[in-house]
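Novice: For reference, the structure I am asking about is given below.
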Amino acid sequence: MYKRKLFILFFLVFGVLTFLPLTQDVQMNHCTSLVAGPRGFSFITKEHKVCQVEFSGKYQIIEQMNGAVSICQEDDTLCAILDDGSFVAFPSIDVEEYIESISYSRNVGIGAMYTINNIQQYEKIRNAVFFRSNYPGDGIFVHADGSVTLIGFITSNEMEHLNIENTWKGIIQLAKTSNELVGLSQDGSIVYTEHSQYCDIYKKWTDIAAIYGGGNHIFALTKTGAVKSTGKDVWGESDVALWENIISLSPARTYTVGLKSDGTVVATGANSYGQCNVQNWRNIVAISAYETYTLGIDNEGRIWIAGKTDESVNLKKCSDIVLTQYNLLNPV
């Protein structure tokens, strides 16, 4: 009984999802509090601080991200939205310093101007409640009022870009691939661009709790814990039709990982590094998939890893950091 209470407590602390009995619908908190990266992982503590952990066991609290409610990572850049809805990147780029650095170059092209424009738009973000970003590149944001902001070349043309920002209302989440952008409405239906090749499929999706973009696929998690997908299946990464009781997804480019309500984990797709070998995982409360490995954290703060990381992993040190930063004692 004690371990079950701790399991539920850890789920709430992580803020990924609310643990529910199988007989109830999935209830989503669309904020992400655990992300895997090339040399380690980052998570949000219960004090809403961001802890960045290296696989060696070193860590740091990123002060400028205090008050974080959601994070994401692209390569070595970690991004967050704070409790006031503003956006923060680490490391960040100072616009004036960047302009000064390129002013000495004779070959300043459109890429530099694109970067400057993006950074300036990121600085203006307010009241965001959901986001994904590959700062200083493209970014997608949902605001508290259900409106959306798109940064960079999200769509094929500027008119479509403006049309989405002006007409998509009542949105609670966005998902993006290289050629698809969809939104999740408050009523559980999907909104999509007029050029979407899967519009006939999206029309049939109802009672959706969350959406995810991974590789060339859009995934949808239903309120009953089933999973739907669109996109070309190359490695088996979208072989999710038979999954049940799923409460969270983490799609990578070539494979997909799902967390079940009983704390077990399922995975499908490319497995050349063993990143899908999660069948023996138990009591997991958070997952994150990153190219060649899958990361999980269980209800006692232990780190689970399947696949290949770029650096050797000190599992004990990493697990101790998770426990220390959450101020929780190991009951075992």
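Novice: Can you find, among Asn280, Phe219, Gly307, the residue farthest towards the positive end of the dipole of region 181-332? Put +1 on the C-beta of Lys and Arg, -1 on that of Asp and Glu.
Specialist: Result: Asn280.
Novice: Using a Gaussian network model of the chain with C-alpha springs under 10 Å, which one of Ile246, Ile190, Ile125 is most mobile by mean-square fluctuation?
Specialist: Result for the chain, Cα springs under 10 Å: Ile125 fluctuates most.
Novice: Based on the alpha-carbon gyration tensor of region 258-332 and its eigenvalue square roots a ≥ b ≥ c, which shape applies: rounded if a/c is under 1.5, prolate if not and a/b is larger than b/c, or oblate?
Specialist: Oblate, since a/c reaches 1.5 and b/c is not below a/b.
Novice: Follow-up. Using a 10 Å cut-off around each Cβ, can you sort Lys124, Lys46, Lys176 from fewest to most neighbouring Cβ atoms?
Specialist: Taking fewest neighbouring Cβ atoms as first place, the list is Lys124, Lys46, Lys176.
Novice: Moving on. Ranking Met65, Met113 by Cβ neighbours within 10 Å, fewest first, what do you get?
Specialist: Ascending Cβ contact count within 10 Å gives the list Met113, Met65.
Novice: Given the rule -39500 (n - 2.57) for each run of at least 4 DSSP H residues, summed and divided by the residues of the chain, what is its mean residue ellipticity at 222 nm, to the nearest 500 deg cm²/dmol?
Specialist: Only helices count here, giving -5500 deg cm²/dmol.
Novice: Between their Cα atoms, which of Lys176/Lys232; Lys223/Lys308; Lys232/Lys260; Lys204/Lys232 are more than 22 Å away from each other?
Specialist: Flagged as over cut-off: Lys223/Lys308; Lys232/Lys260.
Novice: Once you order the gyration tensor axes a ≥ b ≥ c over the Cα atoms, which shape class does region 148-203 get: rounded for a/c under 1.5, otherwise prolate or oblate by comparing a/b with b/c?
Specialist: Since a/c reaches 1.5 but b/c is at least a/b, the shape of region 148-203 is classed as oblate.
Novice: Quick one: grab the alpha carbon gyration tensor of the chain, order the square roots of its eigenvalues as a ≥ b ≥ c, and give me rounded if a/c is under 1.5, else prolate or oblate depending on whether a/b is larger than b/c.
Specialist: Since a/c reaches 1.5 but b/c is at least a/b, the shape of the chain is classed as oblate.
Novice: Then there's this: Want the number for Ser178 to Glu96: 0.36 nm per residue separation, take away the alpha-carbon distance, what's left?
Specialist: 26.5 nm
Novice: Shifting gears a bit: Can you give me the Cα centroid spacing of region 36-92 and region 278-297 in angstrom?
Specialist: Distance between centres, Cα-based: 19 Å.
No lab work stands behind these numbers, since they all come straight from the coordinates. Everything quoted here is computed from the prediction, not taken from an experiment. So basically every Cβ, Gly included, is an ideal-geometry build from the backbone, and we count neighbours across all protein chains shown.
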